[in-house]
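Chemist: Below is one structure. I have some questions about it.
The values are calculated or read from the model by the stated rules, or taken from the named source; none is laboratory data. Keep in mind the model is a prediction, meaning the values are calculated, not measured. Note that each Cβ is placed from the backbone with ideal geometry, even for glycine, and that neighbours are counted across all protein chains shown.
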Amino acid sequence: MAIITLAAVVLVGAVGIVWLVNANGFSARTLPTPVERVVMRAVHRWSVPSAARGLKNPVAFSPEAWAESRAHFADHCASCHGNDGRGNTEMGRNLFPKAPDMRLPSTQDKTDGELYWIIENGIRLTGMPAWGKGGTEDADTWKLVHFVRQLAQLTPDQLKEMEAANPKSPAELQEEKDDERFLAGEDVPPPVAPHHH
Amino acid sequence: MKQLLSVIALVLAVSAGALAHNGNEHVRGVVTAVSAQAVTIQLADKSTKTLSISAKTEFENSGKPAHLTDVKIGDRVVVDVPEHGSNALLIKVGAIAKK
């Protein structure tokens, strides 16, 4: 009897799911549901091997390492995470799950080893790619771990410097040139509104 | 059985989601009016746009930091504004427009 009841519940649930999916589809614009958040947290936890969690950063923090990591982050990571790590970019906001605000405990409570592992290996079923080769001694990745730890210390001047290091599209580069020519007194075509795709 | 439950949980998690665009614009033109609160600019199509100035507005002249007092009527300017806003974030001052 219990098996029949369970089967009926599963069947009704399955029909409901098919109906809902058919009616609504899936969108990356929505926030993850509570169930999805629980599943994703578990996936994140399991994605880092226990041995990696205990890794210590072999690169000493220094002004040079800090500057290098800012430039590296601005060039490779800021498109999604933003220079300030808040994830408030067009891509970061529209990923599923959205890019996290890395200043918050959900990121800062991770060990250095976990951060290193995630940068090197990415996280499955998210927008976070694997940036490294999977080893444990990539100095550039360890410098990025320092960067994540220093997010709250970023100054307006440093953020501005990072803006200059952000990747630019050919259209943005052309617009910069046109701006300079216009300011120098030349006639140039009107600027084009930013594209979203 | 555990695997089946995991699959059901994942499907439920994903399907439950079914229930439920950072760039600035550049405004180029010639200054027709300027005050501590706003700058009005004539664009290439001869229309005008008024952008608000706040304590956060930055000024630049030839790549160097400048001040509101460096913005004068007749100057060519490029103003960074948020995509759907009218508050000037950065005003770059250039040459005086040709008469």
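Chemist: Every residue in the range A:4-36 that is more than 9 Å from every other protein chain (Cβ to nearest Cβ) and at pLDDT 85 or above, please.
Modeler: A:Ile4, A:Thr5, A:Leu6, A:Ala7, A:Ala8, A:Val9, A:Leu11, A:Val12, A:Val15
This table checks each residue for (1) away from chain B (no Cβ under 14 Å); (2) within 26 Å of A:Glu163 (Cβ to Cβ); (3) surrounded by 13 or more Cβ atoms within 10 Å (Cβ to Cβ); (4) out of contact with any helix residue (DSSP H, G or I) (no Cβ under 8 Å at 6 or more places or on another chain).
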position: A:Ser62; (1), (2), (3), (4): yes, yes, no, yes
position: A:His81; (1), (2), (3), (4): no, yes, yes, no
position: A:Gly122; (1), (2), (3), (4): yes, yes, yes, yes
position: A:Met128; (1), (2), (3), (4): yes, yes, yes, no
position: A:Thr141; (1), (2), (3), (4): yes, yes, yes, no
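Chemist: Let me ask you something else. A:Glu68 is checked against (1) within 13 Å of chain B (Cβ to nearest Cβ); (2) under 30 Å from A:Met162 (Cα atoms); (3) in a helix (DSSP H, G or I); (4) not β-branched (Val, Ile, Thr) and fails just one. What number does that condition carry?
Modeler: A:Glu68 satisfies all of (1) within 13 Å of chain B (Cβ to nearest Cβ); (2) under 30 Å from A:Met162 (Cα atoms); (3) in a helix (DSSP H, G or I); (4) not β-branched (Val, Ile, Thr) except (1).
Chemist: Hey, another quick one. Do you know which residues across the range A:1-26 are surrounded by 11 or more Cβ atoms within 10 Å (Cβ to Cβ) and closer than 30 Å to A:Ala99 by Cβ? Let's see the steps before the verdict.
Modeler: Step one: filter the range A:1-26 for residues surrounded by 11 or more Cβ atoms within 10 Å (Cβ to Cβ), giving A:10, A:13-14, A:16-21, A:24, A:26.
Passing the criteria: A:Ile17, A:Leu20, A:Val21, A:Asn24, A:Phe26.
Chemist: Could you check the range A:97-197 for helices (runs of 4 or more DSSP H) lying wholly inside it with 1 or more residues that are in contact with a Leu (Cβ under 9 Å, 6 or more places away or on another chain) and either within 17 Å of A:Arg70 (Cα to Cα) or among the small types (Gly, Ala, Ser) (or both)? Write out each step before concluding.
Modeler: On the way: elements: A:105-108, A:112-121, A:139-149, A:156-165, A:170-183.
In the range A:97-197, A:112-121, A:139-149, A:156-165 are the helices (runs of 4 or more DSSP H) which contain 1 or more residues that are in contact with a Leu (Cβ under 9 Å, 6 or more places away or on another chain) and either within 17 Å of A:Arg70 (Cα to Cα) or among the small types (Gly, Ala, Ser) (or both).
Chemist: Here is a follow-up. So the check is Cβ under 6 Å with 6+ separation or different chains; which pairs have a first residue in the range A:1-26 that's outside any helix (DSSP H, G or I) and a second one that's modelled with pLDDT under 85 and surrounded by 10 or more Cβ atoms within 10 Å (Cβ to Cβ)?
Modeler: If the second residue must be modelled with pLDDT under 85 and surrounded by 10 or more Cβ atoms within 10 Å (Cβ to Cβ), the pairs left are A:Phe26/B:Ala18.
Chemist: Which members of the range B:69-78 meet the condition of being more than 10 Å from chain A (Cβ to nearest Cβ) and either among the charged types (D, E, K, R) or within 20 Å of B:Glu25 (Cα to Cα) (or both)? Steps first, please.
Modeler: Of the residues in the range B:69-78, the ones more than 10 Å from chain A (Cβ to nearest Cβ) are B:69-74.
Scanning the range B:69-78 gives B:Asp70, B:Val71, B:Lys72.
Chemist: Among the strands (runs of 3 or more DSSP E) lying completely within the range B:23-99, list those that include at least 1 residues that are over 27 Å from A:Leu173 (Cβ atoms) and modelled with pLDDT of 90 or more. It would help to see each step written out before you state the result.
Modeler: Details: elements: B:24-34, B:38-42, B:48-52, B:58-61, B:75-82, B:90-96.
Once the strands (runs of 3 or more DSSP E) in the range B:23-99 are filtered for at least 1 residues that are over 27 Å from A:Leu173 (Cβ atoms) and modelled with pLDDT of 90 or more, what remains is B:24-34, B:38-42, B:48-52.
Chemist: Looking at this structure, is A:Thr89 within 14 Å of chain B (Cβ to nearest Cβ) and of a type outside the set (Phe, Trp, Tyr)?
Modeler: Details: within 14 Å of chain B (Cβ to nearest Cβ): yes; of a type outside the set (Phe, Trp, Tyr): yes.
Yes.
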